[in-house]
Amino acid sequence: AQSVTQPDIHITVSEGASLELRCNYSYGATPYLFWYVQSPGQGLQLLLKYFSGDTLVQGIKGFEAEFKRSQSSFNLRKPSVHWSDAAEYFCAVGDNYGQNFVFGPGTRLSVLP
Amino acid sequence: DVKVTQSSRYLVKRTGEKVFLECVQDMDHENMFWYRQDPGLGLRLIYFSYDVKMKEKGDIPEGYSVSREKKERFSLILESASTNQTSMYLCASSPPGAQRAFFGQGTRLTVV
């Protein structure tokens, strides 16, 4: 069965510091991987996605993620965090039919001024 | 841009009431989803639909039903609301194939 784990429930970083949010997945076939961000009281917005090809993918708002098949990981990174990045971040895995999305529990990011 | 619209941002209902949550998408997507979001649990799939009048149970369908009479509209029904159904409900849609899901803004339902 598909599953996604995000080991960190809550992370706090200072503005300007670098960020890495961890995501591990379990999936029997080629995974389609996503990172979404949710600002308070809002729906989910797609940050980036990986289907195939280059294992380092660039997304919106200066985020990037690296797919590592050997570690079953898809960690999200940003070199310099802004206060507006404070939100909840969800990693997800999907299939090639666009029907089976499994989400991780989320990581809440707080940013200190 | 794809738009997924949920009819209410906030709802307060009484225990035992029948509750309808409506979701409309404007991009002719085949797939539509209802998720429930609770702290520490992430998003859990309640039901999804891959075509008009077609539905599949997700991970937590108990206490819920759905209706999809038109392609653009997917309704979530709480037959008899209970306090443990107090939650954030998120609707999403996606086209077929390995594509992303597009989300509505969510409905925060409180059952008192």
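Say R0 is 25 Å: what FRET efficiency, to the nearest 0.05, do residue B:73 and residue A:3 get from their beta-carbon distance?
Working: r = 31 Å, r/R0 = 1.24.
Working from the Cβ atoms, E equals 0.20.
Using 0.36 nm times the number of residues separating residue A:70 and residue A:39, minus their current alpha carbon distance, what extension gain do you get? Walk me through the intermediate numbers first.
Details: separation 31, 0.36 × 31 = 11.16 nm, distance 3.17 nm.
Length gained between residue A:70 and residue A:39: 8.0 nm.
Considering every residue in A:102-109, what mean count of other chain Cβ atoms within 10 Å of its Cβ is obtained? It would help to have the intermediate numbers written out before the result.
On the way: counts 5, 9, 2, 7, 6, 0, 2, 0.
Neighbouring Cβ atoms belonging to other protein chains average 4 per residue here.
State which entries of B:3/B:53; B:13/B:57; A:68/B:3; A:61/B:57; A:68/B:53; A:78/B:57 exceed 30 angstrom in Cα-Cα distance in the structure shown.
Values: B:3/B:53 21 Å; B:13/B:57 24 Å; A:68/B:3 33 Å; A:61/B:57 35 Å; A:68/B:53 39 Å; A:78/B:57 37 Å.
Violating the 30 Å Cα-Cα cut-off are A:68/B:3; A:61/B:57; A:68/B:53; A:78/B:57.
If you count, for every residue in A:88-97, the Cβ atoms of partner chains within 10 Å of its Cβ, what is the mean? Please report the intermediate quantities before stating the final value.
On the way: counts 3, 0, 3, 1, 4, 0, 5, 2, 4, 8.
Going residue by residue through A:88-97 and averaging, the value is 3.
With an 8 Å Cα cut-off and a minimum separation of 6 or more residues, compute the relative contact order for chain A in percent. List each step's numbers first, then the result.
On the way: 279 pairs, mean separation 42.5, N = 113.
Rounded, it is 38 percent for chain A.
Near residue B:71, which aspartates and glutamates are there with a Cα under 16 Å away, not counting those fewer than 8 places off in the same chain?
B:22, B:26, B:28, B:30, B:51, B:56
Chain B: percent of C-alpha pairs farther apart than 17 Å? Don't jump to the answer; show the numbers that get you there.
Numbers: 3051 of 6216 pairs.
The answer is 49 percent, as a whole percent.
No lab work stands behind these numbers, since they all come straight from the coordinates. Just so we're clear, the structure is a prediction, and the values are computed from it rather than from any experiment. Here the Cβ is made from the backbone with ideal geometry for all residues, glycine too, and neighbour counts use every protein chain on show.
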